[in-house]
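Q: Please see the structure below; I have some questions.
Read the figures in this text as sums done on the coordinates, not as results from a lab. Everything quoted here is computed from the prediction, not taken from an experiment. All Cβ positions, glycine included, derive from the backbone under ideal geometry; neighbour counts span all protein chains shown.
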């Protein structure tokens, strides 16, 4: 890993010159805007005086600099405005007048009360892409309800699917809904920017968590209800097979997937079942296996227990069958492949010291994403951002004096 300076030399990413006003917090929105920042956009993170709630999530070395915040807010500048104060709202409008994107994950009713809805901002700046990330689409009966990752996982059947397999419903141990919806928000914003650059027209886009995750889950599990009338129950049997899991070997666990007919032929040969007459007909070919997933995974799991992890790895390597180590978090962080490709980067932070972060995973031949800025301290760039927008030192001092602006550092 190569240590990088606090503010690395600028690299021309594909979004260089795009300015984003970012009113998001927690994980969904900040993840989306971090990706846009990695691509070169100038992301201005507008925070309340309390700051993004993830600033307060332990572990941390110093107050308001929690690890989850640090992992999701690089390549941003922080300004603190009290938007309930009219002068704070006016300052935000002035910043938005020349911005390319305005993105928030505040409930729409609250944005309307602040007079910061899509109509307000697009009247001010018709070229603006106004992106709203919230729990539910505004035309349905759930509109306006609060939503977090856990709730959306539950509403989109993920815990129920886990419970169907294990006997107890459980949430995914990752902020799956936040990050999937954040990724969808990223490409929606990029598509809207492309439309704006072709036509000159800004627009409002809504990225609802529930609908986005329902599409994600049901892409796998519509099953027989893909047809009208239905020809069977919903659910993809392969994903719901109880023995589809990391396989116990004679001395540990291993992840493997023998999937295609070619891979199964190689596997049978390697374990001494090359003669087709020795095999159960439910293992014969892809068509037979897809009708008998429960049997196939149970049979395979029993075979896996007959050899050691090292033996299976050597066999799978020889037969060109996909396999992988079952990492825990520490071994994942220490994986030699991730080290070799440079996924982890070290950056120097003015208050937190050396930070280890996962950098952009994709590689680009012309306009690579990069980490140029450390995750900002609360209000670190308040004065800087306003000066760029034409505010005088007297203007800034007055905003601070009346409580509409906070300058950190």
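Q: Per the helix-only calculation at 222 nm, which mean residue ellipticity applies to the chain, given -39500 (n - 2.57) for every DSSP H run of n ≥ 4 and division by its residues, nearest 500 deg cm²/dmol? Show your work: numbers first, answer last.
A: Details: 18 runs with 163 residues, N = 409.
Roughly -11500 deg cm²/dmol at 222 nm, from the helical runs in the chain.
Q: Another question about this same structure. By its C-alpha gyration tensor, with a ≥ b ≥ c as the square roots of the eigenvalues, how is segment 348-409 shaped: rounded for a/c under 1.5, else prolate for a/b larger than b/c, else oblate? Before the final figure, lay out the partial values.
A: Values: a/c = 4.26, a/b = 1.99, b/c = 2.14.
Oblate, because a/c is 1.5 or more while a/b does not exceed b/c.
Q: Roughly how many whole Å is it from the C-alpha centroid of segment 239-266 to that of segment 161-210?
A: Computed from Cα coordinates, the inter-centre distance equals 31 Å.
Q: As I understand it, the value is the acute angle between the Cα axis of helix 293-304 and the longest principal axis of the Cα atoms of the chain; what does it come to in degrees, rounded to 10?
A: 80 degrees
Q: So, one more: Only Cα pairs within less than 10 Å get springs; with that Gaussian network setup on the chain, which residue of 21, 152, 396 has the largest fluctuation?
A: 396
Q: Just want the ordering: 122, 218, from fewest to most Cβ atoms lying within 10 Å of their own Cβ. Display every interim value, and only then the final one.
A: Details: 122 18, 218 15.
Going from least to most buried by this count: 218, 122.
Q: If you find the alpha carbon centre of segment 340-381 and of segment 86-137, how far apart are they in angstrom?
A: Comparing the Cα centres of segment 340-381 and segment 86-137, I get a distance of 28 Å.
Q: Expressed in nm to one decimal, what extension gain is obtained for the pair residue 123 and residue 194 from 0.36 nm per residue of sequence separation less their Cα-Cα distance? All intermediate terms of the calculation are to be shown ahead of the outcome.
A: Values: separation 71, 0.36 × 71 = 25.56 nm, distance 2.02 nm.
Full extension from residue 123 to residue 194 adds 23.5 nm.
Q: Which values of log₁₀ I(q)/I(0), to two decimal places, follow from the Debye formula for segment 247-325 at q = 0.21 Å⁻¹ with a uniform point scatterer at every Cα?
A: The calculated log intensity ratios at q = 0.21 Å⁻¹ are -0.98.
Q: Something else now. Roughly speaking, what is the stretch gain from residue 325 to residue 260, that is 0.36 nm per residue apart minus the C-alpha to C-alpha distance, in nm to one decimal? Provide the component values of the computation, followed by the final result.
A: Numbers: separation 65, 0.36 × 65 = 23.40 nm, distance 2.06 nm.
Taking 0.36 nm per residue and subtracting the Cα distance, the gain is 21.3 nm.
Q: On to the next question. What nm distance separates the two modelled labels at residue 332 and residue 179, each placed 7 Å from Cα along Cα→Cβ?
A: 0.7 nm
Q: Once both axes come from the Cα atoms, what is the angle between helix 209-221 and the longest principal axis of the chain, in degrees from 0 to 90, rounded to 10?
A: 10 degrees
Q: How do 374, 337 line up, fewest other C-beta atoms within 10 Å first?
A: Placing the least packed residue first, the sequence is 337, 374.
Q: With the Cα gyration tensor of segment 44-177 giving a ≥ b ≥ c as the square roots of its eigenvalues, does the rule (a/c under 1.5 for rounded; else a/b larger than b/c for prolate; else oblate) give rounded, prolate or oblate? Present the calculation step by step, with values, prior to reporting the outcome.
A: Working: a/c = 2.60, a/b = 1.46, b/c = 1.78.
Taking the square roots of the gyration eigenvalues as a ≥ b ≥ c, segment 44-177 is oblate.
Q: Roughly what % of DSSP beta bridges within the chain run antiparallel, to the nearest 5?
A: If we restrict to bridges inside the chain, about 35 percent are antiparallel.
Q: Still on this structure: Got a sec? Which residues in segment 321-336 would a label at residue 271 touch, if it sits 7 Å along Cα→Cβ and we count backbone N under 15 Å?
A: What the label zone holds, given the 15 Å backbone N cut-off, is 321-323.
Q: As a footprinting exposure proxy, order 282, 244 by other Cβ within 10 Å, with the fewest listed first.
A: Numbers: 282 14, 244 19.
With the fewest neighbours first, 282, 244 line up as 282, 244.
Q: For helix 176-199, report the angle its Cα long axis makes with the longest principal axis of the Cα atoms of the chain; keep it between 0 and 90° and round to the nearest 10°.
A: The two axes meet at around 60 degrees.
Q: Under 11 Å from the 7 Å Cα→Cβ point of residue 361, by amide nitrogen: which residues of segment 184-219?
A: Those under the cut-off are none; the list is empty.
Q: So, one more: If you take the square roots of the eigenvalues of the alpha-carbon gyration tensor of segment 118-230 and sort them as a ≥ b ≥ c, do you get rounded (a/c under 1.5), prolate (a/b over b/c) or oblate? Numbers along the way, then the final one.
A: On the way: a/c = 2.46, a/b = 2.05, b/c = 1.20.
Prolate, because a/c is 1.5 or more and a/b exceeds b/c.
Q: In nm, what is the difference between 0.36 nm times the number of residues separating residue 151 and residue 53 and their Cα-Cα distance?
A: Length gained, residue 151 through residue 53: 33.5 nm.
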